[in-house]
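Remarks on the structure that follows.
Bear in mind that the values in this text are calculations on the coordinates, not laboratory data. Just so you know, these numbers come straight off a predicted model, no measurement behind them. Every residue, glycine among them, receives a Cβ derived from its backbone with ideal geometry; neighbour counts consider all protein chains shown.
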Amino acid sequence: MKKRTILLAAPRSFCAGVERAVDIVERLLAARPGPVFVRKQIVHNTHVVDELRARGAVFVDELDEVPAGATVVFSAHGVAPAVRADAARRGLDVVDATCPLVGKVHQEARRFAARGHTVVLIGHAGHEEVEGTLGEAPAQTVLVEDLRDVDELQVDDPTKVAYLTQTTLAVDETTAMIDALREKFPAAHGPDTADICYATTNRQAALSAIAGRAELVIVVGSANSSNSRRLVELATRAGTTAYLVDSAADVPPDWLDGVKVIGLTAGASAPPVLVDEVIDRIREFGPVDVIEHEVTRETVRFTLPSEVRGG
Ligand code: SF4
């Protein structure tokens, strides 16, 4: 049988914000005698959550499920100030795993709102990161999801408009929305290259470099992972059939029928081992050459919060 080729995108898989968030929960589980509660999924990946749950983490949707005085971790996606206030009222011992790059967007939201701007947030309704950012200045923030929303947007004072973005959006689509927003409100303030984080940008660039050469693209990530879903869309827009899989078991043999070149990547919340397992799965159906294509090397690391540092 002729060999298949896997083009492996790099960078892929865990980003610095996800590594930090997982590390925080692991350290708390090792150091604290009582249960460690985590509000929402610590990161949007089923395997990460299942593994931490098996080691003792208790995942809850809201703080009213956490007993007074207990330790609770806020997820990498961040929380609205109202959630922080609720935690303080309940006397909870909070350890914050919000990614510093999400924290930066919150800071910008507060800064623009304090100057009396209407804050236009480009993002997806219902995503936890968006809910957290919206919560910084709810009366002054308006969410736009697509170009039509920008077109229909009305503000009190067109000279006082600022924009922010979710960190895990598609770079090309977001650029188009910012261009439309600036055309409509020439005085709009905001980051030149959106708030899309380095990890999202790099994973999209890495996949762009190989998607056109692959007959099939497999993205490892969970269905609720925004940056993973954007990778599937990017490959699809490049004209290549693309699938999102949570694990190797989700790859059926018929996807590989007649396919010689497979592009493989993983979203920022998907553990690297899952990518190895997908390669092993593809090998079950015939010999494979794996060629990694690295577009950039990531060196970003974030400091841990003081509660879990040291030792
Ligand atoms: Fe932070 Fe970006 Fe990773 Fe989200 S994807 S946790 S914003 S580094």
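Remarks
- Label zone of Ala82 (point 7 Å out along Cα→Cβ, amide N under 18 Å): in region 31-55 this covers 39-40.
- Relative to its Kirkwood radius, the Cα radius of gyration of region 1-62 gives an Rg/Rh of 1.19.
- A dipole drawn for region 101-184 from +1 and -1 charges on Cβ atoms has a positive end, and of Met177, Val161, Gly116 the residue lying farthest that way is Gly116.
- Calculated SAXS-style log₁₀ I(q)/I(0) at q = 0.07, 0.14, 0.16 Å⁻¹ - the chain, Debye, Cα scatterers: -0.30, -1.08, -1.26
- Extension gain, Ala249 to Arg115: 0.36 nm times the residue separation minus the Cα-Cα distance gives 43.1 nm.
- Maximal additional length on extending the Arg89-Asp157 stretch stands at 20.8 nm, based on 0.36 nm per residue less the C-alpha distance.
- Formal net charge of residues neighbouring Arg12 (Cβ-Cβ distance under 13 Å; K, R +1; D, E -1): -2
- Relative contact order of region 113-250, defined on C-alpha pairs under 8 angstrom at six or more residues apart (%): 20
- Toward the positive end of the charge dipole of region 1-148, with +1 on the Cβ of Lys and Arg and -1 on the Cβ of Asp and Glu, the farthest Cα among Pro33, Gly126, Phe14 is that of Phe14.
- Here is the list for region 17-101: trypsin sites (Lys or Arg not before Pro) lying in DSSP coil, each with at most 12 other C-beta atoms within 10 angstrom of its C-beta, are Arg55.
- R0 of 30 Å, Cβ-Cβ distance His293-Glu26: FRET efficiency to nearest 0.05: 0.45
- Kirkwood analysis of region 227-311, using all unique Cα-Cα pairs, places the hydrodynamic radius at 15.4 Å.
- Ellipticity at 222 nm from helices only: DSSP H runs of n ≥ 4 in the chain, each -39500 (n - 2.57), divided by the residue count, give -11000 deg cm²/dmol.
- In percent, rounded to a whole number, the relative contact order of region 16-99 is 34, using alpha-carbon pairs under 8 Å and six or more apart.
- Bins of 5 Å, starting at 0 and running to the largest distance - Cα pair percent for region 71-203: 2, 11, 21, 23, 20, 11, 7, 4, 2, 0
- Listed residues Ala270, Ala139, Ala16, most fluctuating in the chain (Gaussian network, C-alpha, under 10 Å): Ala139
- Relative contact order (percent, whole number), the chain, Cα cutoff 8 Å, 6+ residue spacing: 26
- Considering only Pro81, Pro287, Pro272, the Gaussian network model of the chain with Cα springs below 10 Å gives its largest mean-square fluctuation to Pro287.
- For the chain, a Gaussian network of Cα nodes joined below 10 Å ranks Thr159, Thr299, Thr174 by mean-square fluctuation, and the top entry is Thr299.
- Computed about the Cα centre, the dipole magnitude for region 16-99 is approximately 160 debye when only Lys and Arg (+1) and Asp and Glu (-1) carry charge, each at its Cβ.
- Charge dipole of the chain (Cα centre as origin; +1 on each Lys and Arg Cβ, -1 on each Asp and Glu Cβ, all else neutral): 740 debye, rounded to the nearest 20.
- Where a label projected 7 Å from the Cα of Phe302 along Cα→Cβ would reach, residues of region 14-38 with amide N under 17 Å: 14-28, 38
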